[in-house]
1. For A:Glu32, what residues show an amide H to amide H distance below 5 Å, using hydrogens built from the backbone and excluding near sequence neighbours?
2. Among B:Asn270, A:Asn289, A:Thr185, which residue has its Cα positioned farthest towards the positive end of the charge dipole of the protein assembly as shown, with +1 placed on the Cβ of Lys and Arg, -1 on the Cβ of Asp and Glu, and the dipole taken about the Cα centre?
3. Cut-off is 10 Å between beta-carbons; in what order do A:Arg269, A:Arg84, A:Arg170 appear when sorted fewest neighbours first?
4. With a 10 Å radius around each residue's Cβ, average the other Cβ atoms per peptide and rank A:322-330, B:175-183, highest first.
5. Using amide H atoms built in the peptide plane, which far-off residues or other-chain residues are under 5 Å from A:Asn208 H to H?
6. When each copy gets a label point 7 Å from Cα toward the beta-carbon at B:Glu182, what are the spacings between them in nm, shortest first?
7. Once you order the gyration tensor axes a ≥ b ≥ c over the Cα atoms, which shape class does chain B get: rounded for a/c under 1.5, otherwise prolate or oblate by comparing a/b with b/c?
8. What does the helix-only formula give at 222 nm for the protein assembly as shown: each DSSP H stretch with n ≥ 4 adding -39500 (n - 2.57), the total divided by the residues, and the result rounded to the nearest 500 deg cm²/dmol?
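What follows is calculated from the coordinates using simple rules that are stated; it is not laboratory data. None of the values given here were measured: they were computed from a predicted structure. Backbone-built Cβ (ideal geometry, glycine too); neighbour counts: all protein chains shown.
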2 protein chains.
Amino acid sequence: MKIALDAMGGDYAPAATVDGAVETVREYDDLEVILFGDESQLKKELKGKKYPSHCIHIRHTSQIIGMHESPVSALRKKKDSSIRRAVDAVKLKEADAVVSAGNSGVAMATALFVLGTSKGVDRPAIAAIMPTLKGLFVLIDAGANVDCKPENLLQFAVMGSAYCRTILHRQEPKVALLSIGEEDTKGNELTREAFKLLKEANINFTGNIEGKDVFSGEADVVVCDGFIGNVLLKTSEGLAEVIIKMLKREIEGQATGKLGYLLMKPALRNFKKKTDYAEYGGAPLLGINGTCIISHGRSSPRAIRNALRVAVELSRKKVHKIISEDIMGFHEKEKVFAKG
Amino acid sequence: MKIALDAMGGDYAPAATVDGAVETVREYDDLEVILFGDESQLKKELKGKKYPSHCIHIRHTSQIIGMHESPVSALRKKKDSSIRRAVDAVKLKEADAVVSAGNSGVAMATALFVLGTSKGVDRPAIAAIMPTLKGLFVLIDAGANVDCKPENLLQFAVMGSAYCRTILHRQEPKVALLSIGEEDTKGNELTREAFKLLKEANINFTGNIEGKDVFSGEADVVVCDGFIGNVLLKTSEGLAEVIIKMLKREIEGQATGKLGYLLMKPALRNFKKKTDYAEYGGAPLLGINGTCIISHGRSSPRAIRNALRVAVELSRKKVHKIISEDIMGFHEKEKVFAKG
């Protein structure tokens, strides 16, 4: 298996991307990582590191994409950027999947433009995995589509369900719609219409879920538009960090606190690991005709390693094909329904 | 000053509402609370409690509103419910403000229907106060309007700014628009249009704020539509609870953890107090022609006490009149602008 890595993408690239790639190929027997980026910088980063040399390849690219560059301008003018060439490699079947921690808007637009959507899918969506009291859940869409129609949310639900079944190994994932009340009638225009569609879909739809229940682990898949999904994802990340800081500050203000803190340190470390985005690797862009992982901009080597691991798993299980089958099965059912 | 309290509203009513009222009148010299609800139940709750008897009054109401009852049905059929009669009391100038922890949809619709909006305001909005690393901020709208236009968000910003100035005593509150990126162009259709309006408004607009920065205390007022505001409010509440539970579980799993936990308990308690909704009392429905506080459904006596305190403060400072002046000032400026 070969993974194309946008080695210039991310706040700590290329150091973090190269380190992540090196650590990953050491773990796997049959994995090759192709690094796309500035050859001299990549060679410098690789120098002195130990890894099976036939497992890491470099493809030189000459253009750089800024974190604030628009997708339109990048697609038009940066055909030799690391992200473009990495996605091209999947299209040309030189790689099985692509991973990028760079400008996520550009990465998504490039994947959509070059690879296209899976058959039957109208809009790809980002599926983020997040921790709860009881285990993990899938949040979809975590930021690909800022304005959605009810039909888009329906497809996100089908895709999220397929992803959860395949990757989190849940037989009949409980799919819930993010809203502001549990009753059918609660929500905004978008969610009220989407509710009706989800009720008829061939998934295990459990109804609306409120914000307060998202992290208690009631649902396996939480469906929402990409604007609210992105706000939820980032707010939660920010809030978890702030809570830890507030707790530390409280502890340090207490006479016996410092000792307590020392004793609690392993627990805090474990907790941080459980809630750390880097543990879950990147988030796949589902609905693309291929495997594409969007990683956090602040990706550490560990985050890159986990993103590569997710890419391998998705590619091995051909999740994009399963999604296409599920969506097409759904369209077939619709046709029968319309005829009947 | 007289406050009308919907004594039957909330999960723990009337026990919690009556206790909250009793505790409050003991603290204030010049406050009277009028309890609206079932007379026999309220008398039973008051029995044996010590308080200045001229400070608590009972007004009997005969109808009950369920937590899932629709506002339309309640407005039409429940004219002798505790919430309706409590709001009527403000309209009839028998009370200066109203507090309810009951069905919030019904409470908001009743306040809007009976009291109307302040001059110049199109849509009232809920302003919730939340904690950050640096202090408190105002989230507006926290759930009154599920579908909004850019103009609504502009008015929320003006109202939130007036509220923050008056109640949190900040001279020129920093007002930010909740979005998925800091640049002007990031966001959905609604926020991109609202951004343009906010830039021209007579407030201290600091641009977009991302979810990750909401709790770090960068903004004094965070503006968003009521759907996303409600999701954010409830998700944060739920996540804070889950994080505490996860931490406790981590600690209990460690050999030295139990001792650490004992030593840390005061810090955890302080932290919980800082993040507890009950500390901040209810959230005002701003833009109403009067003072109306919507309290959490799970309100404890302490939450009711704090909601009554907020009601007193808003009413004393005539925040609804300040808001009306600010909004009208804004409309005047618009006219001059249009003529110019």
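1. Correct list: A:Lys2, A:Ile3.
2. B:Asn270
3. A:Arg269, A:Arg170, A:Arg84
4. Going by the mean number of other Cβ atoms within 10 Å, highest first, we get B:175-183, A:322-330.
5. Amide H neighbours of A:Asn208, under 5 Å, 5+ apart: A:Leu177.
6. B:Glu182 label point versus its equivalents elsewhere: 4.1 nm.
7. It is oblate, given that a/c is not under 1.5 and a/b is not larger than b/c.
8. Taking each H run of at least 4 residues, the total per residue is -16000 deg cm²/dmol.
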